Amino acid sequence: MSNSVIITGITLVYMAIMLWVGLRARTQESSSLEGYAAGGRHVGVVVLFFILGAEIFSAFAFLGAPGWAYKNGAPAFYILAYLSLVPIMLWMVGPRVRELGVKRGYLTHGDMLADHYSSKPLGIFAGVVGVAASVPYLTIQIAGAGLLFSAATDGLVPFWLGALIALVVTTIYVFCSGLNGIGWTNLVQGVMMIAIAWFLGVAIPDRLYGGVSEMFTQIQQQAPEYLTMPGANGMGWGFFTTAILISCFGGWTWPHMFTKFYTADSGKSLRRVSAIYPLYATLLIPLMFIGFAGILIFADTPLDRADTVLLKLVIEVAEFSPWVIGLMLSGALAAAMSTGANLAHTAGVVLTRDVFGPTIMRNSSDTDAVKVTRWSVVVISVIAYVVALLNPSSLVLLLLGAFGLIAQLVPMTLGALFFPSLKRTSAMAGAAVGSVVFLVFQFAIDSPFGWHPGVWGLLANAVILAVFQIAASKKPETEETAEFASAPIQVPEAQS
Amino acid sequence: MSKTYNLLVGLHFLVCTLAMIWPGALIANRIEPTVLGIPFFMAWYILWMCLLFVGTWIAYNVRHGGNRDE
């Protein structure tokens, strides 16, 4: 019992520090939409590095990655691979997204698509899908925080309360400080995640096997199938490869990542962040060690849920002191809350800007937009909390579906960024067909060759897009394209 | 200069990606020899993580190093 009190105490101190850091970050700027949503577009390298690191490394990276290594072995390296490859898209598209954002006042993905293709419905569609993806993802972070609390404190802090504490703390600083609050808390959370992951990743193999090297030697003797592809459960190269490609080359259009390109103070900063980004990704190496450590320990009594492997090892097997367990809990909560705060913030901005902006809030002022965005953050967080308590089984399906659809916007987004000759009809036809193909292979029939359904969607998307584009170029200028070319440019609420 | 630069950076990204997926990763799919006690297949991923970092860092400095702007 007293152990649980120590663990809870450490974690509450950590929460209080987060709240303090988040609230201190509030500036005058937080009262304009550009300030609240994008930190006034002058976030520098260090904070940007930690925002992009901490938001991408969620509860999934901290608990799920060891879970994958424990359950499947080597196929878990797909997580290592795609998170290492994140900086490629950051390097290639980031500076251009930022440049257009400054020039034309964009704050979201929908802003850019709606303006470039002169189609308000397209912007609204991007907004709705963005919110639909963010809410279940946020729910998973909140539920993760609740589970962590109840497991680490042995039930002293129950699920509903743990989830509520995490939610209230993040919502307060996101509400008050906007992007600046997220930036500074992510910096602290990022440092904690890295330090705690490396500490545990070295200490657990050391306690249980006498070192990392010794651990791998024993696995090689007793269960060598875990150390190479196709792993313990026979994952094919097809899924492994396509999952890496879709996560890495489709993931940058996820709203919480895309909107961050607008926050950078320069394209040069984005390039610099992508150069040093792999330093953040190394955080996965110790997390993989922890998963591998579980393989022999739980060989006779396999865990029901693979993603509890880190918790079980730290709390039940390695017999760490309550101080270490408290720090572990704080580190894992940092992973869940840093992503959660970004998701709530982005969903609030996207909902207000892309969905309300062109519809019910057409003539509202900048001050009103900030107010509505703030309260949207609160409402979205409460919805996510209620959903976390109900825990519907369709949650993961909604998440997969919505993020899959966002990836289908990749070709038209690239068109808006780099290929002005891409026509609206081609882009939309490609996205529509790609979305249908993706949805069919995700939910209705098995994906051919076991590939990731999103890849089939993108292939269909690209083919249709090319066909329309070629067909259009053979015809002389049609009325529609002529009209598009001369359409008046509407800058959505450019900041004065 | 700019075209060659973009080509080289693109090539660097392509090689790093191919090394981590099929078919590039096939050649590393074994346990021996271990590297500092880590099985070869895992060490391969760590190696390419480092190479991606080194290559991108060089690319950054060539283009943006010193006081040069974008």
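On the principal axes of its alpha carbon atoms, the range A:35-148 extends 48, 29, 26 Å, with the longest extent given first.
Partners of A:LYS268 within straight-line reach, counting lysines whose Cα lies under 23 Å from its Cα and excluding those fewer than 8 residues away in the same chain: A:LYS103, A:LYS260, B:LYS3. Exposure check, 1.4 Å probe, all protein chains in place: B:CYS50 carries approximately 70 Å² of accessible surface. Annotation: A:ASP265 carries an accessible surface of approximately 60 Å², with a 1.4 Å probe and no ligand, DNA or RNA atoms counted. Our Cα-only numbers for the range A:2-402 put the radius of gyration and Dmax at 20.9, 69 Å. Measuring between their Cα centroids, the range A:284-320 and the range A:35-65 lie 28 Å from each other. Computed about its Cα centre, the charge dipole of the range A:2-402 is approximately 1100 debye, with only Lys, Arg, Asp and Glu carrying charge at their Cβ. Taking amide hydrogens as placed 1.01 Å from N in the peptide plane, the amide H of B:ILE38 sits under 5 Å from that of no residue at least 5 positions away in sequence or on another chain.
Phi-derived couplings, Karplus 6.51 cos²θ - 1.76 cosθ + 1.60 at θ = phi - 60°, listed residue by residue for the range A:160-174: 4, 6, x, 4, 5, 4, 4, 5, 5, 4, 5, 4, 4, 6, 5 Hz, with x used for Gly and Pro. Counting heavy atoms of the protein chains alone, A:TRP68 has an accessible area of about 60 Å² for a 1.4 Å probe. Calculated FRET efficiency, A:GLU225 to A:SER365, Cβ-Cβ distance, R0 = 56 Å: about 0.35 to the nearest 0.05.
Which order do A:ILE297, A:ILE142 take when ranked by solvent-accessible area (1.4 Å probe, heavy atoms of all protein chains), largest first? Can you show the working numbers first?
On the way: A:ILE297 60, A:ILE142 10 Å².
So the residues, ranked largest to smallest area, are A:ILE297, A:ILE142.
In this simple spin-label model, placing a label point 7 Å from the Cα along the Cα-to-Cβ direction at both A:ARG24 and A:THR217 gives a separation of 4.7 nm.
In terms of solvent-accessible area of protein heavy atoms at a 1.4 angstrom probe, what is the ranking of B:SER2, A:SER421, highest value first? Kindly include the intermediate steps, with their values, before the conclusion.
Values: B:SER2 60, A:SER421 80 Å².
Descending order: A:SER421, B:SER2.
For the range A:425-441, 3J(HN,Hα) computed residue by residue from phi via the Karplus equation (6.51, -1.76, 1.60; θ = phi - 60°) reads 4, 4, 4, 6, 4, x, 5, 5, 5, x, 5, 5, 4, 4, 4, 4, 6 Hz, glycine and proline entered as x. Axis of helix A:2-24 versus longest Cα principal axis of chain A: the two differ by about 30°, to the nearest ten degrees. The residues B:HIS12, A:HIS345, sorted by heavy-atom accessible surface at 1.4 Å with ligands and nucleic acids left out, run B:HIS12, A:HIS345 from largest to smallest.
Helix A:284-297 axis versus longest C-alpha principal axis of chain A: approximately 40°, rounded to the nearest ten. In order along the range A:86-95, phi translates into HN-Hα couplings of 3, x, 4, 5, 4, 5, 6, 9, x, x Hz, rounded to whole numbers, per the Karplus curve 6.51 cos²θ - 1.76 cosθ + 1.60 with θ = phi - 60° and x for Gly and Pro. Taking one quarter of the surface of the convex hull spanned by the alpha-carbon atoms of the range A:283-350 gives a direction-averaged projected area of 5.9 nm². Look at the dipole of chain A built from charges on Cβ: of A:ALA16, A:PHE449, A:ALA264, the Cα furthest out on the positive end belongs to A:ALA264. Computed over chain B, the P(r) curve from all C-alpha pair distances, binned at 10 Å from the origin, holds 19, 39, 25, 14, 3 percent per bin. Model label points for B:LEU8 and A:PHE443, set 7 angstrom from Cα along the Cα-to-Cβ axis, are 4.9 nm apart.
The values are calculated or read from the model by the stated rules, or taken from the named source; none is laboratory data. As the structure is a prediction and not an experimental result, all values here were calculated from the model. Backbone-built Cβ (ideal geometry, glycine too); neighbour counts: all protein chains shown. To get the accessible areas, we keep the full protein, side chains included, count just its heavy atoms, and leave off ligands, DNA and RNA. Shrake-Rupley method; radii C 1.70, N 1.55, O 1.52, S 1.80 Å.
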